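The values are calculated or read from the model by the stated rules, or taken from the named source; none is laboratory data. This one's a predicted model, so the numbers in the text were calculated from it and none came from an experiment. Cβ placement follows ideal geometry from the backbone for every residue including glycine, while neighbour counts extend to all protein chains displayed.
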Amino acid sequence: MIGGVIIVNNLVKSYGQSVALNGISFTVEKGSVVGLIGPNGAGKSSILKILAGLISGTLGDVIVNGISVASDPIKAKKNTSFMAENNPLPDHMRVGEYLRFRAELKGVPARKIRANTEKIMRQCDLYYEARHRMIKTLSKGYRQRIGIADAMLGDSEVVILDEPTIGLDPHQIIGIRKIIDGTRGMRTILISSHILSELETVCDNFIIINRGNIVAAGTLAGLASDVREKDTFLANIRGSELKIREIFEANGTKISSLERLRADDEWSIRFSATEKNHRSLLAKIAAESGLFAEKICTIEPSLEEIFLRATRRYRDQNLENKL
Amino acid sequence: MKNFWTLLKYEIHKLIVSPSTYVISLVFTFSMGAIFAFVLHNYTTTDYDVPFAQMFFRCFWLPTYATIPLITMRSLSEGYKNGTMQNLFSAPISHLEVVLAEFFAAYAMFILLWLSSLVPLAAVKFISNQTFADAAFASKFNIAGGLLFVGLVGMSFTAIGILASSLTENQIISSMVTFFMLMALLLGGLLLANSPKIANLRLCSTYNEGLSFFLQLDNFCNGLVDSRVVVFHLSSCALALCLTTIAVQRKLG
């Protein structure tokens, strides 16, 4: 637990009778980019708001950069930037005006405000098209970028982004990814998003939560081995489609996908099997059917698969406990 | 409190660009014009033993009760409703700074509106060659005392309006709560003033004096600044703002 820039210890958050966070603990190392994943209502926004000092936890400790958020939220907020989901903005201001206002509130020295806001507006692709425009006239994509620009303003060590890429087009998403990459190692970034492929690209570590509990945490490779039940293999096999299907079915192995590679009956087959039996399975198939397996490789599960398996496993365990 | 000025500028900017500010100003100006014309007409057709300015300020309650709920109803309610309040608090600022900025912006607008209402007084003086030194029309004491009193009452009333807006996301409810709270204060004072048994009790007597706005106004217009009245309104304002800060903390956290 020692050494993390964010330390969450046994955090509980209740809203009346409903428990949003059920005693969760985790640590985020300095300079890392961490993805927070969970289904709707899992408690992601509650964690982020507590870390940002916007709401207080019911029990437990949250320490950001050595400062307890509950004891001294204002001091803790000096080290933290937060972009809320949906990013509500004051419609009556112009983009440049708003960012200068936010920079002032965040304690950016007066002589640096202009340079800082212009730099971040350029990075977020706001400078030329939007800096003089009223916020109320802007599209969702622009508003999201204003929120990201606001979060990146100043020198805060921890940046918390709640669904930052909703409403952005692929070019803009790449732009945001570049901004995050540019601060990698210097700032600690915590991102919550439903776009898992995006998180997979930018994050070093992941925390998966479900119903207020952490169900898995770690690097992508670590999570993959943690949630692995069966490996997914990709094999190139020669033979007729019908025969391939028959043989796999007879051996109780489910084919995830079957794609023709060439005209002469060469197929790319994706299937799941345990580490121990996949080679013997293929040998058996070859011996029984005369099918020839050319190439076999293991496919690492994607973040989406990891997320689905982790949350499903948690649900199943819960059901077992109840029974 | 270093963010107070930044927040105050933000709140004043919000008022300046809001169309509702201009609607309120227009309604206030027309109302004050009508009141001024009505009082002036009465003053010129009937003999009164009080200066014109004092008679004019006696009508303070009508525009005050109408405008304060309208000025303050957007203050915090709007921020709750559209989520900008939570966004604001992601920066290292205190609840008190936000509440004070909201209060002073609304109060500045109230004072500006009242200062603008002195324009007809100056115009009449200019047209009729009457001077402010003419005690029968409007002495400096009448005007300064009347304005000081309106300023004090406006301070505590604005704070009550801000308190009401911190309790709800709905602006209509906020303005209605403000209006009924202010009416309760006015009617409470009148009720106590007309109930000798209650008014004779020591505690109630003090309260009664604190709420007898018309009696206080006459004293102020005559140059008699009662420190108890000043303390009453300052402490009411401070109490309302403290309660507002607590309400904002509870609402957001």
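Structure notes:
- Beta carbons closer than 9 Å, at least 6 apart along the sequence or on distinct chains, pair a first residue in region B:88-102 that is at the interface with chain A (Cβ under 7 Å from one of its Cβ atoms) and at negative phi with a second that is among the β-branched types (Val, Ile, Thr) and buried (at least 21 other Cβ atoms within 10 Å of the Cβ) for B:Phe89/B:Val98; B:Phe89/B:Val248; B:Ser90/A:Thr80; B:Ser90/A:Ile160; B:Pro92/A:Thr80.
- Taking the criterion of being within 16 Å of the chain's Cα centre (by Cα) and under 28 Å from A:Tyr15 (Cα atoms), the residues of region B:236-253 that qualify are B:Ala240, B:Leu241.
- Region B:232-244, residues that are within 19 Å of B:Thr168 (Cα to Cα) and either surrounded by fewer than 15 Cβ atoms within 10 Å (Cβ to Cβ) or within 14 Å of chain A (Cβ to nearest Cβ) (or both): B:Leu239, B:Cys242
- Within region A:183-193, at least one residue is farther than 22 Å from A:Glu304 by Cβ, among the β-branched types (Val, Ile, Thr) and in contact with an Asp or Glu (Cβ under 8 Å, 6 or more places away or on another chain).
- Residue list for region B:52-61, filter: within 11 Å of the chain's Cα centre (by Cα) and either at pLDDT 85 or above or not in a helix (DSSP H, G or I) (or both): B:Phe60
Results for (1) modelled with pLDDT of 85 or more; (2) surrounded by fewer than 24 Cβ atoms within 10 Å (Cβ to Cβ); (3) within 19 Å of A:Lys119 (Cβ to Cβ), shown as yes or no for each residue.
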position: A:Ala151; (1), (2), (3): yes, no, yes
position: A:Glu157; (1), (2), (3): yes, yes, yes
position: A:Leu161; (1), (2), (3): yes, no, yes
position: A:Pro164; (1), (2), (3): yes, no, yes
position: A:Leu168; (1), (2), (3): no, yes, no
position: A:His171; (1), (2), (3): no, yes, no
position: A:Gly175; (1), (2), (3): no, yes, yes
position: A:Arg187; (1), (2), (3): yes, yes, yes
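- A:Ile6 satisfies every condition listed in (1) of a type in the set (Val, Ile, Thr); (2) within 20 Å of B:Ala91 (Cβ to Cβ); (3) within 14 Å of chain B (Cβ to nearest Cβ) except (3).
- Checked against (1) surrounded by 13 or more Cβ atoms within 10 Å (Cβ to Cβ); (2) modelled with pLDDT under 70, A:Lys276 passes all but a single condition, namely (1).
- Single match in A:Asp204, A:Asp181, A:Asp162 (criterion: touching a Leu at 6+ places or on another chain (Cβ under 7 Å), assigned by TED's automatic domain parsing to the domain that holds A:Gly23, of a type outside the set (A, V, I, L, M, F, W, C) and closer than 30 Å to A:Gly66 by Cβ): A:Asp162
- Filtering region A:41-55 to residues that are more than 14 Å from every other protein chain (Cβ to nearest Cβ), within 20 Å of B:Gly83 (Cα to Cα) and part of a loop (DSSP other than H, G, I, E, B) leaves A:Gly41, A:Gly43.
- All told, A:Gly141 falls short of being away from chain B (no Cβ under 11 Å), on the phi > 0 side of the Ramachandran plot and of a type outside the set (A, V, I, L, M).
- Some residue of region B:32-41 being free of Cβ contacts under 8 Å to residues at least 12 places away in the same chain and not in a helix (DSSP H, G or I): no
- Given (1) under 30 Å from A:Lys75 (Cβ atoms); (2) of a type in the set (A, V, I, L, M, F, W, C); (3) within 11 Å of another protein chain (Cβ to nearest Cβ); (4) surrounded by fewer than 13 Cβ atoms within 10 Å (Cβ to Cβ), number of the condition B:Ile16 does not satisfy: (1)
- For the condition more than 23 Å from B:Val17 (Cα to Cα), part of a loop (DSSP other than H, G, I, E, B), out of contact with any Lys or Arg (no Cβ under 6 Å at 6 or more places or on another chain) and of a type outside the set (Asp, Glu), B:Leu167 qualifies.
- Take the conditions (1) away from every other protein chain (no Cβ under 12 Å); (2) more than 26 Å from the chain's Cα centre (by Cα); A:Leu126 misses just one of them, which is (2).
- Those residues of region A:101-120 which are buried (at least 18 other Cβ atoms within 10 Å of the Cβ) and within 10 Å of another protein chain (Cβ to nearest Cβ), in sequence order: A:Phe101, A:Arg102, A:Ala103, A:Glu104, A:Leu105, A:Lys106
- Residue within region A:206-218 that is over 23 Å from A:Glu305 (Cα atoms), assigned to a loop (DSSP other than H, G, I, E, B) and of a type outside the set (Lys, Arg) present: no
- Any hit, region A:73-85, residues being over 20 Å from B:His95 (Cα atoms) and either in a strand (DSSP E or B) or not aliphatic (A, V, I, L, M) (or both): yes
- Filtered residue count, region A:129-138, keeping only those that are assigned to a loop (DSSP other than H, G, I, E, B) and either within 24 Å of A:Arg177 (Cα to Cα) or within 13 Å of chain B (Cβ to nearest Cβ) (or both): 2
- A:Ala76 surrounded by fewer than 21 Cβ atoms within 10 Å (Cβ to Cβ) and among the small types (Gly, Ala, Ser): no
Results for (1) more than 14 Å from every other protein chain (Cβ to nearest Cβ); (2) among the aromatic types (Phe, Trp, Tyr); (3) crowded, with 18+ Cβ neighbours inside 10 Å, shown as yes or no for each residue.
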position	(1), (2), (3)
B:Ser117	yes, no, yes
B:Leu121	yes, no, yes
B:Phe126	yes, yes, no
B:Met155	yes, no, yes
B:Ser165	yes, no, yes
B:Met183	yes, no, no
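- Of residues in region A:56-73 being in contact (Cβ under 8 Å) with a residue 12 or more places away in the chain and surrounded by fewer than 18 Cβ atoms within 10 Å (Cβ to Cβ), the one nearest to the other protein chains (Cβ to nearest Cβ): A:Ser56
- Residue within region B:202-213 that is modelled with pLDDT of 70 or more and either surrounded by 15 or more Cβ atoms within 10 Å (Cβ to Cβ) or touching a strand residue (DSSP E or B) at 6+ places or on another chain (Cβ under 7 Å) (or both) present: yes
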